[in-house]
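The values are calculated or read from the model by the stated rules, or taken from the named source; none is laboratory data. Only a predicted model underlies this, so the values are computations on that prediction, with no experimental measurement involved. Methodologically, a virtual Cβ is constructed for each residue, glycine included, from the backbone with ideal geometry; neighbour enumeration extends over all protein chains shown. Note: accessible area is taken over every heavy atom of the protein model, side chains too, but ligands, DNA and RNA are not part of it. Shrake-Rupley method; radii C 1.70, N 1.55, O 1.52, S 1.80 Å.
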Amino acid sequence: MTSFPVPAHGRSRRHDIDALRVLAFAVLILYHTGMFYVADWGWHIKSAYAAEWLQWPMLLVNPWRMSLLFLISGLAVNFLLRGTGGAGFARDRLKRLLPPLLFGMAVVVPPQAYLQAVSNGAFEGNYLQFLLHYFTFRPWPPGAFDGSDIGITWNHLWYLPYLLAYSLLLAALLPLLGSRAGHALRDWFRGLRGLRLWLLPVLPVAAATWLLAGRFPSTHDLIHDWHNHAIYLPMFLFGYWIGADAGLWAELRRCRWWLLGAAVATFAAFLALLVGTGPDSGSEFAWAAYAFARRLNSWTWILLVLAWGHHLLNRPFRWLPYASQAVYPWYVLHQTITVAAGYSLAKLSLGPVAEPLLVIAITVAGCLLVTEYLVRRVRVLRPLFGMKTAAPAAAARRCADTRLRVEQS
C-alpha cells in the first residue's frame, strides 16, 4: 500500500509485514460486513437478519483488530524513517493521509450518513437535498447518523486522522526517541523474551483500560477518545520499536506454538470475565481483572499473528505487490459499498444466507472494479485514494525512457 507507511524496498523488504497489512484490512472489511448482521451491537444500519451467534466470532477479533493495524503501521514507520528525517517524514504523511481523508469525508462517506439518516427516519429528502444540508456543517437532529451532532462525519475513515496524529507526534518526538534514554527504552523492549514479552507490554494498556474506559467511551472523534488513544498510541510505538530487529522476530517465531495455546486460553478467560462478572459488575477488583484479561488477550493474539505471519508469509507472493497497492483504495471504499448493498438488498427479503453472501460479493466486486477501472487509471484520483500519482511501472518506464534519451544525446 503506497499511502500507509511502506517497508523498505529491495533485499531488505519484509514481505510478511506487507502481507499482514493486506490481511488485516481484509479482516476489517469482513468485520464491517459482520457489523451489519451481529445482534445487539450498534452500527450505522442493521439487517433484519441479525444473529446473536455472530457475537462470538466478532468478539474473537474485536479486542485486537485495530491495535494490530496500528502496530503494523508503527512497524512500517520504522522502515520509512530510515530514508528521511522527521520533517520529510511529516510532510510525506500529510501528503499520503490527508487528501484521502478529506476526499473520503466529502465524497465517499456521505452516502453512508444519508442512508443511516433515512433508515432512522431523521431525513426524508433525496440525496442532493441531504448534501446541501451536510455541507453547511450544521448539527442534525440527535441520532440522525454517526457524527450528526457535528454535522459531518468520517465514519470508518477515523483510522486515517489517528494514524496521521500519531505519525506527526512521532516525528516531533524523534530527538527524544533518538537520545540515550530513548535508545535504552527501545533496546529494553526489543530485549524482552518469553513470558516478559508476553506480560510486560500488557501492563500500561491494561492500566489505561482500568483507569479510562469508564470515563472515556469510544468516540473515534480524535479529540475526546482518550481511552482509545491510550491503547492505540502504545501499539503504534511498540511497532516502531520492533522494526526489523532480528532477535525479537526470531523470538516470536520460536514462541509461535505456545502463543497459539495462550491465545485460546486468554480468549476463554476474557469471555468468562465478560459473561460472568462483566465490566459493569461494580466491583473494582472484577473491573481490574477484566481490563487485564481483555488486554492480555489482545496482546497475545497480536503476538500470535506476528509470529505465524513471520513464519509463513515472509516470501514474495505473486499477489502481494498488487494487493499492497490496492488495499488503501479498498479500505476507503468498502464500507460505503457494504452499507449501500445492505440497505438495498434488505428490501428484497432474500433470507439470512443469501443476503450476507451477496453483501460480501458486492463489496468485493465494487472495491475491485472501482479500484481497477477508475482509481488506478485516472491520474487525479490516485492520490485521493492513497495511491502514488503515477503507477510504479509507468514511473519505471519514464525513468528508462529518460535514461535512454540521455545516453543517445
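Worth pointing out:
- Residue among 81, 75, 68, 28 that is touching a helix residue (DSSP H, G or I) at 6+ places or on another chain (Cβ under 9 Å) and modelled with pLDDT of 95 or more: 68
- Candidate set from segment 306-343 (those that are outside any helix (DSSP H, G or I) and aromatic (Phe, Trp, Tyr)); member that is nearest to the chain's Cα centre (by Cα): 319
- Subset tally (residues that are of a type in the set (A, V, I, L, M), without any contact (Cβ under 8 Å) to a residue 60 or more places away in the chain and surrounded by 13 or more Cβ atoms within 10 Å (Cβ to Cβ)) for segment 375-386: 2
- Odd one out for residue 250 among (1) surrounded by 14 or more Cβ atoms within 10 Å (Cβ to Cβ); (2) part of a helix (DSSP H, G or I): (1)
- Residue match in segment 56-69 (condition: assigned to a loop (DSSP other than H, G, I, E, B) and surrounded by fewer than 19 Cβ atoms within 10 Å (Cβ to Cβ)): yes
- Taken together, 293, 288, 268 contain a single residue that is in a helix (DSSP H, G or I) and under 24 Å from the mean Cα position of the chain (by Cα), which is 293.
- If the condition is being open to solvent by 40 Å² or more (accessible area, probe 1.4 Å) and either within 20 Å of the chain's Cα centre (by Cα) or touching a residue at least 40 places away in the same chain (Cβ under 8 Å) (or both), then segment 44-54 contributes 48, 49.
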